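Let me begin by presenting the structure, written as structure tokens, before commenting on it.
The values are calculated or read from the model by the stated rules, or taken from the named source; none is laboratory data. Just so you know, these numbers come straight off a predicted model, no measurement behind them. As a convention, Cβ positions derive from the backbone with ideal geometry for all residues, glycine included, and neighbour counts pool all protein chains shown.
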Amino acid sequence: MHNIIAFLGIGSNMGDPADHCRKAIDLISNTNQVRVLRKSSLYRTEPVGFKEQDWFVNAAIEIRTVFSPKDLLKTLTGVEQAMGRVREETKPWGPRVIDIDILLYGQDIVEEEGLFIPHPELHRRRFALVPLAEIASYVMHPKFGVTVKGLLERLEDQSEVIRL
């Protein structure tokens with residue numbers, strides 16, 4: 001049985017995105033086998049990829065779980081669906097009521113169909129690194145051997161991220 005510290009990224013840009021992020025964190029908190037340890041502030045963030053959409057609200061949380069990576073992903077997908085998330089493969093960076101990503105799962109590297117941990121774009125995304133650095137600046141990226149703070153300091157992405 002696992003007892004792993006993992007970090008999740010949470011984002012929304014539809015309806016009341018701050019409320020959606022808070023609701024997602026509450027739903028995750030109320031999930032058996034998951035305990036939320038810390039949560040970042042909420043941040044208003046510029047869209048990346050598809051720019052013609054509303055800005056996002058993003059946050060990061062630290063959890064302790066006994067779920068395997070695959071079971072955690074299944075649980076988080078269930079939270080997204082319960083909140084009305086419909087995945088449109090034609091708009092991978094498009095608007096969404098909620099998006100929950102596994103950013104880090106201990107120091108594990110997972111590369112399976114539909115599941116890549118650490119998140120393959122984490123080191124390129126200011127909207128994910130800023131909230132994560134607030135709660136886990138010291139955590140090492142298992143592939144790069146660099147802390148979250150170090151990744152943020154090296155980041156080329158200069159998109160706007162504003163603490164709410």
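Checking Arg87, Arg96, Arg126 one by one, the residue that is surrounded by 14 or more Cβ atoms within 10 Å (Cβ to Cβ), at pLDDT below 95 and not hydroxyl-bearing (Ser, Thr, Tyr) is Arg96 and no other. Here Glu113 meets the list (1) more than 15 Å from the chain's Cα centre (by Cα); (2) under 27 Å from Glu52 (Cα atoms) almost entirely, failing just condition (2).
With respect to the conditions (1) closer than 26 Å to Asn13 by Cβ; (2) of a type in the set (Ser, Thr, Tyr); (3) without any contact (Cβ under 8 Å) to a residue 12 or more places away in the chain, Thr147 falls short on a single one, namely (1).
Just to confirm my filter: which strands (runs of 3 or more DSSP E) fall fully inside the stretch 109-164 and include at least 3 residues that are under 25 Å from Leu42 (Cβ atoms)?
Values: elements: 110-112, 115-117, 161-163.
Counting at least 3 such residues, we get 161-163.
From the residues in the stretch 149-164 that are of a type in the set (D, E, K, R) and under 17 Å from Asn58 (Cβ atoms), which one is surrounded by the most Cβ atoms within 10 Å (Cβ to Cβ)? Write out each step before concluding.
Restricting attention to the stretch 149-164, the residues satisfying the condition of being of a type in the set (D, E, K, R) are 149, 153-154, 156-157, 160, 163.
Within this subset, residues satisfying the condition of being under 17 Å from Asn58 (Cβ atoms) are 157, 160, 163.
Details: Asp157: 15, Glu160: 11, Arg163: 11.
The residue in question is Asp157.
Scan Leu115, Leu103, Leu129, Leu122 and give me the residue that is touching a helix residue (DSSP H, G or I) at 6+ places or on another chain (Cβ under 7 Å) and more than 21 Å from Lys70 (Cα to Cα). Outline the logic, then answer.
Values: Leu115 fails: more than 21 Å from Lys70 (Cα to Cα); Leu103 fails: more than 21 Å from Lys70 (Cα to Cα); Leu122 fails: more than 21 Å from Lys70 (Cα to Cα).
From the options Leu115, Leu103, Leu129, Leu122, the qualifying one is Leu129.
Take the conditions (1) of a type in the set (A, V, I, L, M, F, W, C); (2) crowded, with 21+ Cβ neighbours inside 10 Å; (3) under 26 Å from Asp16 (Cβ atoms); Leu104 misses just one of them, which is (3). Leu104 meets the conditions (1) in contact (Cβ under 8 Å) with a residue 40 or more places away in the chain; (2) of a type outside the set (Val, Ile, Thr); (3) not in a strand (DSSP E or B) in every case but one. The failed one is (3). So Phe127 ticks every box in (1) closer than 17 Å to Ile4 by Cα; (2) touching a residue at least 24 places away in the same chain (Cβ under 8 Å); (3) of a type outside the set (A, V, I, L, M) but one. Which box is left unticked? Going through the list (1) closer than 17 Å to Ile4 by Cα; (2) touching a residue at least 24 places away in the same chain (Cβ under 8 Å); (3) of a type outside the set (A, V, I, L, M), Phe127 breaks only (1).
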